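The values are calculated or read from the model by the stated rules, or taken from the named source; none is laboratory data. Keep in mind the model is a prediction, meaning the values are calculated, not measured. Quick reminder, even Gly has a Cβ in these numbers, built from the backbone with ideal geometry, and neighbours come from all protein chains shown.
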Amino acid sequence: MDLSIKKDSWFIKGICLHISVSFFIASFAATVYLDLWGQVWHDFFQILVTPAPLVTDYFQIGNLASAFLNAGMCGTACWALMTFLNAECRPSMLAGYFLVVAHCFYGLNFLNMWPPLLGILLFTKVYRIEFRHNLDMAMLATAFGPFISELLFRYHVWDFYIAQTIQISLIGVIFVIIFSIFLGFAIPAMLPGALKLHKGFNLYNGGLAFGLLGLFIFAFMYKTLGIPAPKPTSVMNELYFFNGSSYQGFITIYYLCMFSLSILWGWFLNGKSFKGYGELLKSTGHTADFFAEYGKAQVLINIGVYGLVVLAYMSLVVLLTDGAGFTGPTMGVILAALTFSSQGQHPKNVWPVFVGYAVLSVLAITLCKMAGLAIPWTLSTQGYINGAAFATGLCPISGRYGKRFGVLAGFMSAVICTSTNAMHGGFMLFNGGLTAGITALILIPCLEYYWHEKKKA
């Protein structure tokens, strides 16, 4: 392994370890904060055995501390695989890690993450390639965790399912094994094809590939075979409801600490300065590798600064509009928005996308008032919070074609973000990536055609 790559590899592992440890610290702090002594592990178990289609709030299914514990367990598992398999960790590995831990707050857990990983492992054994070089792809495969939980706990039970109980059938286990093998061989083939479709202008490449695959699986099971579509799982969590189904204060403090430490760490490694970060902000974000182009210190600074921008956006929309608060999904999507902070995302090319969401909101409110209609959503409706976080993957559009087209990309993504979930029934976690992928499929051909024609003229 090249020396510079080896150093970056250990640095990425270090980031993953520090974030994983922070989840355990936050879990302990939440236990003290909410006086959850003796309840954390019980509620963690409830998270493991509950079907979790989008968007299942693990703050409600379990509690604040058990959700952080789940993220810590899954994050540590990913770090352990990277470390003990001596994996060559590139920015794509960090992206995979961020997506795993992000969804540990709404849909992914320490149980349903393993079958997709083992499916990719089987694929590497059959084709005699090293699993450690495909860990990033294996982590992405965990997007189908909700399908795993559905087959394992609710298959053959359907309407007779009792929330937070173990109802495993042998045929359900068999279907999990078959499904995992199917994923293991389908995903490696589909990811490169999806990249060619949107040409790198949707950083959440797996969202498009997995969304189309999820569409096929969902249609086959629940439409072709006529299996009754499952109902969302809901439980009564008096403590969560007492807190307004939101832990804004706790989560804000957690992220302020995380992002501030990231900036401080980067500043220190950069010779106690921010020199060079301005150059990173000039990047279009298209097919970028910030580690190779700008170095470790700039990546850390970017994670911190960009993270604060995302946190500020989420805080503002929650403060100014009625909708969801800092729920489990909101906690998760802030992390998800950081996925490609080392591969293209930075504040300068992302803010136009957020503006696009705001533009749609203003337009929708205006048109609904003119027509005498009540608008059924706000920017803090959970679907739009999630959609905005993943729409940041369209940032190469604003970087390459300009801010106005970044605003347009955000606007278009916001229009369709709540409609794509029906394609896969919520059993594929990367719905925001699917939305961004569809947006890119519509917008990029038009931009390439008219931009090319403009250049010719």
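Where helices (runs of 4 or more DSSP H) sit wholly within region 210-320, those with at least 1 residues that are out of contact with any helix residue (DSSP H, G or I) (no Cβ under 9 Å at 6 or more places or on another chain) and either surrounded by 13 or more Cβ atoms within 10 Å (Cβ to Cβ) or not assigned by TED's automatic domain parsing to the domain that holds Gly406 (or both) occupy 238-242, 248-269, 296-320. No other residue among Phe24, Phe28, Phe11, Phe45 is touching a Lys or Arg at 6+ places or on another chain (Cβ under 7 Å) and surrounded by fewer than 21 Cβ atoms within 10 Å (Cβ to Cβ) apart from Phe11.
The rows are residues; the columns are (1) modelled with pLDDT of 95 or more; (2) more than 30 Å from Ile438 (Cα to Cα); (3) within 17 Å of the chain's Cα centre (by Cα); (4) hydrophobic (A, V, I, L, M, F, W, C).
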| residue | (1), (2), (3), (4) |
| --- | --- |
| Thr142 | yes, no, yes, no |
| Thr165 | no, yes, no, no |
| Ile187 | no, no, no, yes |
| His198 | no, no, no, no |
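Conditions (1) touching a helix residue (DSSP H, G or I) at 6+ places or on another chain (Cβ under 9 Å); (2) under 24 Å from Phe326 (Cα atoms); (3) assigned to a helix (DSSP H, G or I); (4) modelled with pLDDT of 95 or more, marked per residue:
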{"site": "Ile15", "(1), (2), (3), (4)": "yes, no, yes, yes"}
{"site": "Ser27", "(1), (2), (3), (4)": "yes, yes, yes, yes"}
{"site": "Ala30", "(1), (2), (3), (4)": "yes, yes, yes, yes"}
{"site": "Trp37", "(1), (2), (3), (4)": "yes, yes, no, no"}
{"site": "Leu54", "(1), (2), (3), (4)": "yes, yes, no, no"}
{"site": "Asn86", "(1), (2), (3), (4)": "yes, no, no, no"}
{"site": "Tyr97", "(1), (2), (3), (4)": "yes, yes, yes, yes"}
{"site": "Asn109", "(1), (2), (3), (4)": "yes, yes, no, yes"}
{"site": "Pro116", "(1), (2), (3), (4)": "yes, no, yes, yes"}
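Can you tell me which of Ala26, Ala30 is farther than 19 Å from Trp79 by Cβ, outside the structural domain of Asp289 (by TED's automatic domain parsing) and small (Gly, Ala, Ser)? Answer to the selection: Ala30. Within region 326-377, the set of residues being surrounded by 24 or more Cβ atoms within 10 Å (Cβ to Cβ), among the polar types (S, T, N, Q) and more than 22 Å from Gly200 (Cβ to Cβ) comprises Thr327, Thr330.
Going by the conditions given, is Asp8 assigned by TED's automatic domain parsing to the domain that holds Trp79, charged (D, E, K, R) and free of Cβ contacts under 8 Å to residues at least 40 places away in the same chain? Taking the combined requirement at face value, the residue does not satisfy it. Going by the conditions given, is Tyr106 farther than 26 Å from Arg154 by Cα, buried (at least 24 other Cβ atoms within 10 Å of the Cβ) and assigned by TED's automatic domain parsing to the domain that holds Leu17? Considered against the rule, which asks whether it is farther than 26 Å from Arg154 by Cα, buried (at least 24 other Cβ atoms within 10 Å of the Cβ) and assigned by TED's automatic domain parsing to the domain that holds Leu17, Tyr106 comes out as no.
Does Gly193 satisfy the condition of being in contact with a helix residue (DSSP H, G or I) (Cβ under 8 Å, 6 or more places away or on another chain) and surrounded by 18 or more Cβ atoms within 10 Å (Cβ to Cβ)?
Details: in contact with a helix residue (DSSP H, G or I) (Cβ under 8 Å, 6 or more places away or on another chain): yes; surrounded by 18 or more Cβ atoms within 10 Å (Cβ to Cβ): no.
So Gly193 fails the test.
Taken over region 56-100, the criterion of being on the phi > 0 side of the Ramachandran plot and small (Gly, Ala, Ser) is satisfied by no residue. Listed by position, the helices (runs of 4 or more DSSP H) enclosed by region 345-446 that each have at least 1 residues that are modelled with pLDDT of 95 or more are 347-371, 382-391, 395-401, 403-416.
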